[in-house]
Structures are given as C-alpha cells and as structure tokens.
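Please read the structure below before turning to the comments.
The values are calculated or read from the model by the stated rules, or taken from the named source; none is laboratory data. Keep in mind that what you see is a predicted model, and the values were worked out from it rather than measured. Note that we place each Cβ from the backbone using ideal geometry, even for glycine, and neighbour counts take in every protein chain shown. Heads up: the accessible areas ignore ligands, DNA and RNA and are worked out on the full protein's heavy atoms, side chains in. Shrake-Rupley method; radii C 1.70, N 1.55, O 1.52, S 1.80 Å.
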Amino acid sequence: MQQPDLKKFPEGFIWGAATASYQVEGGIMKTDWARAAEDGRVPFAGKACDHYNRYEEDFDIAKSLGHTGHRFSIEWARIEPEDGVFNEEAIAHYRKVLEALHVRGVKPFVTLWHFTLPLWFSETGGFERKDAPEIFARYCSYVVSRLGDLCTDFSTMNEPNVFASNGWLRGSWPPFKRFVLTDIVSITNSGRSFESKAERGLTPLFTYLRVICHLAKAHNCAYEAIKKVSPLSDVSVVKHVILFRANWNPINKAIAWIANYFWTYRFMNRVYMKCDSIGLNYYFQKKFGDKKVYEKTDMDWDIYPEGLEESLMMLARYRKPLFVSESGIADYRDVYRGDYITKQVQATWQAIQRGADVRGHMYWSLLDNYEWVLGYEKRFGLVEINYETLERTIRPSAYIYKQICQQNGV
Ligand code: IFM
C-alpha cells in the first residue's frame, strides 16, 4: 500500500545511476590519464571494475535495483585512437552495451566525453588548440551517427569546469599546469597527492580561460554537428554545480554571488542556447561566514544533500528540462549513504515543487570506481567492488534507493 505522505514524482520520471568509462571499464590505453599513470603522476586505472566485459552482469544488478535509466560514457580514445581514424570495433562494443540496456528496459543516457582525452589530441594541445571545438564536434557527430538509432539522449561533456580547473589552475590533473595563486581555492576531487609544476605569472590563468572558452565552443559546435546527423536527439551538457552560499554578511553574499557566477553561470550562459536539456552534478556546498561544522564524506566534503534543491534551482533559470546526472557520497562503511540518498531525492522533489522541470535522477555511482588522482580508495558505489576478485556486492543503501525507484517517490 502506498504511504500516505509519499512525495510522488511525475509519471515517467527516470531513476538510475551513472558511471564513466575510464572509471569502470578497465583496459583503456593511449589516453592522457594512462600516460600520466605511466609517468607516475596519477594512479593506474588498470582493469578497474572490468565493466567493459561485465556490463551485462552490472546491468542485471541495476535492473534488479529498480533502475529505469542508466548514464554511462563513451571512451573517446577507443573510438578515435588516431586523429580522424575511427574504430568500428569500439562502436560495435558500445552498440552491444546499448542493446543490453534496451533488453532490460533501462533507458540509456550517453555522455560522449568524460574527462579522458586520446593521446594524439592531448599531446598536440588538447582543448588549448584553436581547432579543438571542430575536432570534438567531429568525434561527437561520428558517435551519434553510429549510435543514434539506439539512444536518444546524449551529453556532449561532463563537468567542463572541473576538467579545466584541475588541469590548468590546480595542476593536479593532466596536463598538470598550475596557476600558483589558485592554491587558495580548492576544487573538487583533485587531491593533493601528486606534485605539479607551478607556472608563475598570469600565463596559466589566461590559458585556463582560453580552455574554458574552447570547451564552451566545443559544446556548441558539437550540438550543431549532432543535430545534422540526428535532429531528434536530445543534446545536453553536464554541469558541476558547487552551491556557494553565505551567512547574513553582505560581503560574504557578494563573494558567494561572484563564486556562483564564475563556477556555474559564466559557462552556462555561453552554452544553454545549444542545450535541449541540462544535467546537474551536485556534491557539496560552501557557505561563506558559516561556523557550522558539518559531518564529512570520505572525500572530506560537507554532508549537505539538501543543497541539491538550490543547485537545481540555479539551473532552472535556463528553462530547460533538467536531470540530476550525478549526486552521491563516498562512504566506505555505507553508514551515511541511505540517508544521503533519501535527502538528495527529497531535495529533487522540492525543486520540482518550486517549478524546476526535473525529468530524472542518477545516483553516482552504480559501481565503486577509479576516483581519478585518489585511485580506488573512495567508495561511491551502490555496488561494492572487490578489486582483487572483481566480485560485486550490493550495499544495503542500494535497497533504500531501490524502494524510492520502485515507488517513484520518497
Ligand atoms: O567520480 C567523479 C566523476 O568522474 C565526476 N563527478 C564527480 C565524481 C565524484 O568525485
């Protein structure tokens, strides 16, 4: 029987979880991250969860957990291992992946690029290149032309601001360029364990700004190119939002406003016209002037799932359909995750009541995964991975989410 106080979601609302190729597939070579691992600058991804071979087993689990949607990414280096050379075997693989989702009645959401770059592209300048937008659009339109009959929802890129700030400001991700002043701003999942070469002066800052500009152009260019080959596809960008808030103090309020502008709105203002929908990745907030001490996730991020509501409202101003493309918690012991999920779903429901057109919710992540410079230690998964045996174990919190998915409510 339905609980009387159940907060129901709109009919057809999509429930699921997300993954990304480099973080779960295993065996990915010839990328900037694989090269950085060989150079000892980041951990090896190795076989990861071997999801490349075990996707069917993993989708069975997702299905058994009541998921109706699944977000995953395509590995650019598999598809285009050399400049302009496309690999049909890789396409055939991802076609099988999409078919496996369809057979299980799970709707696919494909991200075309999730952080890792083919070596030929990164070594010739990557997104610093002037022609990067065209190169990226060529790749995106190729993939959509080959997969568009099996998938309608494509995100061009994941978290462009995280990619650029970790690569060109913090210098903790490839290509490890660091603008020394930015040590005062801590950006997401960048870690501090690996040394980067600091470049002095303003040059790295200008390069960063150029990269951001190229990323926005790349999305817009890819949107146009995808529409040419598949006019009916839904094309989105996946934006990481940090919720900057402030206490009563007007100076703090001004700082929060500026931070939200530079982290979220500046990029979105450049791309929203070329978005059919927008994906939101939310993990944490920063409240200026706040003395409250929050409990922490294993990433040392404040536990504040409620912030998802306001983050959705920040993107709702663009008047596009939204989906929560990622939100979740690193929680090795699985003690906070169930409550965290319940609250992040409640926050999503609240945003819908306030007028946000949210169509789906993807927990990050379906599986434990390679957490970039932090390696395999952080555990986000609904499903625990034993990296020795590759055995999958469903965590108790996954069943809390299952109930939400099945009731279409919380
Ligand atoms: O693991 C990452 C993912 O690749 C992008 N969004 C944030 C996640 C957790 O840090």
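Could you pull out the GluC sites (Glu not before Pro) across segment 105-141 that fall in loop regions by DSSP (anything but H, G, I, E, B) with no more than 13 other Cβ atoms inside 10 Å?
Numbers: sites: 123, 128, 134; in loops: 123.
The qualifying sites are 123.
Remind me, relative contact order of the chain in percent, using alpha carbon pairs under 8 angstrom and six or more residues apart?
Values: 848 pairs, mean separation 76.9, N = 410.
For the chain, the relative contact order is 19 percent.
So if I place +1 on the C-beta of Lys and Arg and -1 on the C-beta of Asp and Glu, and nothing else carries charge, what would the dipole magnitude of segment 232-289 be about its Cα centre? I want it in debye, nearest 20. Don't skip to the answer; put the middle values down first.
Details: 8 positive and 2 negative charges, 59 e Å.
The calculation lands at about 280 debye.
Using the Karplus equation 6.51 cos²θ - 1.76 cosθ + 1.60 (θ = phi - 60°), what ³J(HN,Hα) coupling, rounded to whole Hz, does each residue of segment 242-256 give in order, writing x for Gly and Pro?
For segment 242-256, the Karplus curve yields 9, 8, 8, 10, 8, 6, 5, 5, x, 5, 4, 4, 5, 4, 4 Hz.
Which one, 316, 29, 387, projects farthest toward the positive side of the charge dipole computed for the chain from Cβ point charges (K/R +1, D/E -1)?
316
Go ahead and run the numbers for FRET between residue 88 and residue 30, Cβ-Cβ distance against an R0 of 22 Å, rounding to 0.05.
Values: r = 17 Å, r/R0 = 0.78.
Between residue 88 and residue 30 the formula returns 0.80.
What is the diffusion coefficient of segment 18-116 in µm²/s, taking the Kirkwood radius over Cα pairs and the Stokes-Einstein relation at 20 °C with a viscosity of 1.002 mPa s? Present the calculation step by step, with values, prior to reporting the outcome.
Numbers: Rh = 14.1 Å.
Translational diffusion coefficient: 152 µm²/s.
Roughly speaking, what is the stretch gain from residue 406 to residue 57, that is 0.36 nm per residue apart minus the C-alpha to C-alpha distance, in nm to one decimal?
123.6 nm
Net charge near residue 298, counting Lys/Arg +1 and Asp/Glu -1 over other residues with Cβ under 14 Å of its Cβ? Working shown, then result.
Working: positive: 296, 333, 337, 378, 379, 395; negative: 295, 300, 302, 331, 334, 368, 371, 377, 384.
It works out to a net charge of -3.
So, with a 1.4 angstrom probe, what is the percent of accessible area on the chain that is carbon and sulfur?
Values: 8820 of 16560 Å².
Ligands and nucleic acids excluded, carbon and sulfur give 53 percent.
Using only the Cα atoms of segment 245-368, build the gyration tensor, take square roots of its eigenvalues as a ≥ b ≥ c, and label the shape rounded, prolate or oblate: rounded if a/c is under 1.5, else prolate if a/b is larger than b/c, else oblate. Show your work: numbers first, answer last.
Values: a/c = 1.82, a/b = 1.09, b/c = 1.67.
Because a/c hits 1.5 or more and a/b fails to exceed b/c, segment 245-368 counts as oblate.
Quick check for me: using +1 on Lys/Arg Cβ and -1 on Asp/Glu Cβ, what's the dipole size of the chain about its Cα centre, in debye to the nearest 20?
On the way: 52 positive and 50 negative charges, 300 e Å.
Roughly 1440 debye, rounded to the nearest 20.
Return the whole-Å distance between the Cα centroid of segment 367-386 and the Cα centroid of segment 286-307.
21
Using the Cβ atoms and a cut-off under 9 Å, what net charge is assigned to the surroundings of residue 235, where Lys and Arg are +1 and Asp and Glu are -1?
On the way: positive: 227, 274; negative: 153, 234, 276.
Here the count lands on -1.
Leaving ligands, DNA and RNA out of it, rank 157, 273 by accessible area with a 1.4 Å probe, largest first. Write down the numbers at each step before the final one.
Numbers: 157 0, 273 135 Å².
Putting 157, 273 in descending order of accessible area: 273, 157.
Over its Cα atoms, what ratio of radius of gyration to 2.2 N^0.38 Å does segment 266-310 give? Could the numbers behind the result be given before it?
Details: Rg = 14.3 Å, N = 45, 2.2 N^0.38 = 9.3 Å.
With N residues counted in segment 266-310, Rg over 2.2 N^0.38 Å equals 1.53.
Can you give me the relative contact order of segment 234-344 as a percent, contacts being Cα pairs under 8 Å and 6 or more apart? Before the final figure, lay out the partial values.
On the way: 174 pairs, mean separation 33.6, N = 111.
In percent, rounded to a whole number, it is 30.
Hey, can you grab everything whose amide H is under 5 Å from the amide H of residue 378? Only 5+ residues off in sequence or another chain; H modelled, so Pro and N-termini drop out.
Under 5 Å from the amide H of residue 378 lie the amide H atoms of 371, each far enough along the sequence or on another chain.
Just the accessible area per residue of segment 40-82, please: how many Å² with a 1.4 Å probe? Intermediate values should be presented prior to the final figure.
Working: 1490 Å² over 43 residues.
Here the residues of segment 40-82 average 35 Å² of exposed surface.
Give the span of segment 210-303's Cα atoms along each principal axis, as three whole-Å numbers ordered largest to smallest.
52, 29, 22
At 0.36 nm per residue, and after removing the present C-alpha to C-alpha distance, how many nm does the segment from residue 394 to residue 300 gain when stretched out fully?
Details: separation 94, 0.36 × 94 = 33.84 nm, distance 2.38 nm.
Gain in length upon complete extension: 31.5 nm.
Which of the GluC sites (Glu not before Pro) found in segment 329-410 are in a DSSP loop and have at most 10 neighbouring Cβ atoms, other than their own, within 10 Å? Can you show the working numbers first?
On the way: sites: 371, 377, 384, 388, 391; in loops: 371, 377, 388, 391.
In loop regions of segment 329-410 (DSSP not H, G, I, E or B), the sparsely surrounded GluC sites (Glu not before Pro) are 388, 391.
Dividing the Cα radius of gyration by the Kirkwood radius, what Rg/Rh value follows for the chain? Intermediate values should be presented prior to the final figure.
On the way: Rg = 20.0 Å, Rh = 21.4 Å.
Using only Cα positions, Rg/Rh for the chain is 0.93.
Can you give the longest run of the chain that contains no trypsin sites (Lys or Arg not before Pro) sitting in a DSSP loop with at most 13 other Cβ atoms inside 10 Å? All intermediate terms of the calculation are to be shown ahead of the outcome.
Working: sites that count: 130, 192, 200, 291, 292, 317, 319, 333, 354.
Between the exposed loop sites, the longest stretch runs 1-129.
What do you get for chymotrypsin sites (Phe, Trp or Tyr not before Pro) in segment 102-158 restricted to DSSP loop and a cutoff of at most 12 other Cβ within 10 Å of the site's Cβ?
Numbers: sites: 109, 113, 115, 120, 121, 127, 136, 139, 142, 154; in loops: 113, 115.
Passing both the DSSP loop test and the Cβ count: no residue.
Tally the DSSP beta bridges in the chain and give the antiparallel ones as a percent, rounded to 5.
Numbers: 7 of 49 bridges.
Among the beta bridges of the chain, antiparallel pairing accounts for roughly 15 percent.
Multiply the residue separation of residue 180 and residue 273 by 0.36 nm, subtract the distance between their alpha-carbon atoms, and state the gained length in nm to one decimal.
Numbers: separation 93, 0.36 × 93 = 33.48 nm, distance 3.41 nm.
So the extension gain works out to 30.1 nm.
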